[in-house]
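Input: a single structure, listed below in structure tokens.
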Amino acid sequence: MIVVGLTGGIGSGKSTVSEGLARLGAVIIDADAMTRELQQPGAPVFNAIVERFGQEIVAADGSLDRLALAAIVFPNPEILKELNALVHPEIGRAIRSRMREHLGTDSVVVLDVPLLIENSRYPVAGVAVVDTPVDIAIDRLVNIRGMDETDARARIARQATREERLAKADYVIDNSGDRDALALLLPALWEWMQGLEPVAADDQRLADPVDPPDATDGKSLA
Ligand code: ATP
């Protein structure tokens, strides 16, 4: 198994790149999708969040009211840290468990994460960054996804900057062009991934920590 981190700002095109890589044969681990799964009503993470923040973050249909939760945690870094401490260890466990399924195989596992990845947390052999100018990403989020522009800008402001992300990149995918232009870049990305170092069978980063030290650095997964 080779593990590659795929990151990029909100709306940069991570999911679009992941879909293309899946078609080429990659296994995708989508941290956002995993987070949503772990926050389904009744799931332990959901219960822990409700216990901490009360019924006001539960929507009328019983699901997690993400907007209400965001309104509580984002203005206050300490509270955001508390939320992350409830959520991140479980996500880490779920991600490592998925990875372990592929250990010893020739799978190329792509970890699609909105956060900057520290290689110490997962056995990532390289980090690919989807790079899209902020204004283009916002334009897509507003015009294709129907997101509110102020909301999109606020979310971007909370994330790592484009420059911070690029500084961590081992490979950069330019998604400033159209979808066809992006598709043309994927075979070279796939080839680069396949040449990276496989994970050793005894890599300790695949083991669940007894006392989870997962980062709660305020760069939220929410
Ligand atoms: P998020 O941060 O919300 O998870 P993301 O980084 O996964 O977003 P995508 O969902 O892949 O980004 O892309 C954001 C939007 O832009 C989507 O509606 C997608 O279809 C569209 N999109 C992505 N790349 C392009 C492109 N090159 N040309 C036009 N539209 C694009």
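Looking at the structure I just gave you, is Val109 assigned to a strand (DSSP E or B) and within 16 Å of the ligand (Cβ to nearest atom)? In short, no.
Quick one: is Arg158 open to solvent by 80 Å² or more (accessible area, probe 1.4 Å), within 15 Å of the chain's Cα centre (by Cα) and either over 23 Å from Arg36 (Cα atoms) or within 16 Å of the ligand (Cβ to nearest atom) (or both)? It is true that Arg158 is open to solvent by 80 Å² or more (accessible area, probe 1.4 Å), within 15 Å of the chain's Cα centre (by Cα) and either over 23 Å from Arg36 (Cα atoms) or within 16 Å of the ligand (Cβ to nearest atom) (or both). Provide a single number: the residues in segment 66-96 that are open to solvent by 50 Å² or more (accessible area, probe 1.4 Å), within 19 Å of Leu38 (Cα to Cα) and either at pLDDT 95 or above or not hydrophobic (A, V, I, L, M, F, W, C) (or both). Residues in segment 66-96 being open to solvent by 50 Å² or more (accessible area, probe 1.4 Å), within 19 Å of Leu38 (Cα to Cα) and either at pLDDT 95 or above or not hydrophobic (A, V, I, L, M, F, W, C) (or both): 5 in total.
Annotation note: Cβ proximity below 8 Å between a residue of segment 21-39 that is more than 14 Å from Arg98 (Cβ to Cβ) and a residue that is among the charged types (D, E, K, R) and open to solvent by 30 Å² or more (accessible area, probe 1.4 Å) (sequence gap 6+ or interchain) occurs for no pair. When we screen Ala188, Ala200 for residues that are aliphatic (A, V, I, L, M) and either modelled with pLDDT of 95 or more or within 12 Å of the ligand (Cβ to nearest atom) (or both), the only hit is Ala188. Any residue at all in segment 12-20 that is more than 30 Å from Ala181 (Cβ to Cβ), surrounded by 12 or more Cβ atoms within 10 Å (Cβ to Cβ) and under 18 Å from the mean Cα position of the chain (by Cα)? No, segment 12-20 contains no residue that is more than 30 Å from Ala181 (Cβ to Cβ), surrounded by 12 or more Cβ atoms within 10 Å (Cβ to Cβ) and under 18 Å from the mean Cα position of the chain (by Cα). Taking the listed residues Ala169, Ala181, the one that is part of a loop (DSSP other than H, G, I, E, B) and either open to solvent by 50 Å² or more (accessible area, probe 1.4 Å) or within 16 Å of the ligand (Cβ to nearest atom) (or both) is Ala169, with no other qualifying. From the list Val17, Val50, the one residue that fits, being in a helix (DSSP H, G or I) and within 11 Å of the ligand (Cβ to nearest atom), is Val17. Does Asp135 satisfy the condition of being more than 15 Å from Arg36 (Cα to Cα), part of a loop (DSSP other than H, G, I, E, B) and not basic (Lys, Arg)? Taking the combined requirement at face value, the residue does not satisfy it.
The values are calculated or read from the model by the stated rules, or taken from the named source; none is laboratory data. All figures in this text were calculated on a predicted structure; none of them were measured in a lab. Using ideal geometry, Cβ is built from the backbone for each residue, glycine included, and neighbour counts are taken over all protein chains shown. We work out accessible area using only protein heavy atoms, side chains counted, and drop any ligands, DNA or RNA first. Shrake-Rupley method; radii C 1.70, N 1.55, O 1.52, S 1.80 Å.
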